[in-house]
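Readers should treat all values here as calculations from the given coordinates under stated rules, not as data from a laboratory. For clarity, every value in this text was computed on a predicted model and none was experimentally measured. Methodologically, a virtual Cβ is constructed for each residue, glycine included, from the backbone with ideal geometry; neighbour enumeration extends over all protein chains shown.
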Amino acid sequence: MNDDALDEILAGATDAVDDPAETSEEEALERARQLLGTSVATEERPDVPEAGEAQPEAPDTDAAPEAAEQTGEGDAVAEPVRPPSSPFDLPGAWYVIHSYSGYENKVKANLTTRITSMHMEDSIFDVVIPMEDVVEIKGGRKVTVPRKQFPGYLLVRMYLDDDSWGVVRNTPGVTGFVGSGTKPTPLSRREVERILGVRKDEEKKAPRFKPDWEVGETVRVTEGPFADFNGVIEDINLDQSKVRVLVDIFGRETPVELNFEQIQKF
């Protein structure tokens with residue numbers, strides 16, 4: 001906009017104020033439109049409430065902390081509660097019960113049902129069949145399979161009193177508690193951690209090898225220069241996965257060291 005146009009607008013506005021009878025507001029606005037073009041006509045007016053209209057309420061800044069408090073925003077996120085690293089530190093004590101060998105799973109199912117039906121969840125917490133991974137030789141290959149550590153035995157974590165004792169002792173398949181005399185003896189921390197282990201996220205216990213044969217047993221060699229020969233196991237080295245076998249070569253026993261995969265039951 002040039003200075004002459006601006007001076008003319010101001011002069012027109014001044015004339016309208018000095019002599020309102022001669023120049024109305026509409027005439028002054030029309031004159032401004034003619035000088036500025038369409039810029040005045042298209043300029044939008046902000047919405048301002050007329051006198052007497054309800055004013056929009058300003059946001060309640062005091063309510064913000066309260067809303068944040070209700071939604072929990074700004075609070076530190078609680079970390080999930082992790083179980084104790086040692087099973088010994090769980091509620092109750094660990095006891096050993098005896099059952100008929102081969103019926104461990106049935107006894108566990110029966111006892112679990114009785115705990116629920118007799119509302120003993122606050123006294124008897126857990127029933128465990130101790131298991132371990134063992135490596136066996138099947139078809140000439142190492143295979144990892146789960147095995148019961150103590151066939152015929154289960155562990156029960158519980159608070160021992162007359163009621164809980166009766167629930168466990170009278171479970172079908174349970175022959176009794178393990179202990180000194182007639183009193184059940186709880187396992188020590190060392191025993192519990194040796195059987196059930198201690199939780200370590202970064203470590204996993206390697207499976208234990210359990211051979212199908214023993215010292216003095218006759219086996220057949222399946223691989224190597226002595227394949228198809230028979231021999232008697234003289235020594236078993238679990239750490240190195242090797243056996244020493246006395247192989248009969250031309251009527252003379254010769255000690256031969258072999259891997260577990262190189263022999264099978266005769």
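A few points about this structure:
- J(HN,Hα) series, the stretch 251-265, from Karplus relation 6.51 cos²θ - 1.76 cosθ + 1.60, nearest Hz, glycine and proline x: x, 10, 6, 10, x, 10, 8, 10, 7, 4, 6, 9, 10, 8, 4
- Exposure proxy ranking, count of Cβ atoms within 10 Å, fewest first, for Ser101, Ser123: Ser101, Ser123
- Within the shell of other residues whose beta carbon sits under 11 angstrom from the beta carbon of Lys242, the net charge comes to -3, with Lys and Arg scored +1 and Asp and Glu -1.
- Inter-label distance, nm, simple model (7 Å from Cα along the C-beta direction), Ser117/Ile249: 6.6 nm
- Taking other Cβ atoms within 10 Å as a rough exposure proxy, Leu246, Leu154 sort from fewest to most as Leu246, Leu154.
- Note on Ile263, Ile195: ascending count of other Cβ atoms within 10 Å places them as Ile195, Ile263, the fewest first.
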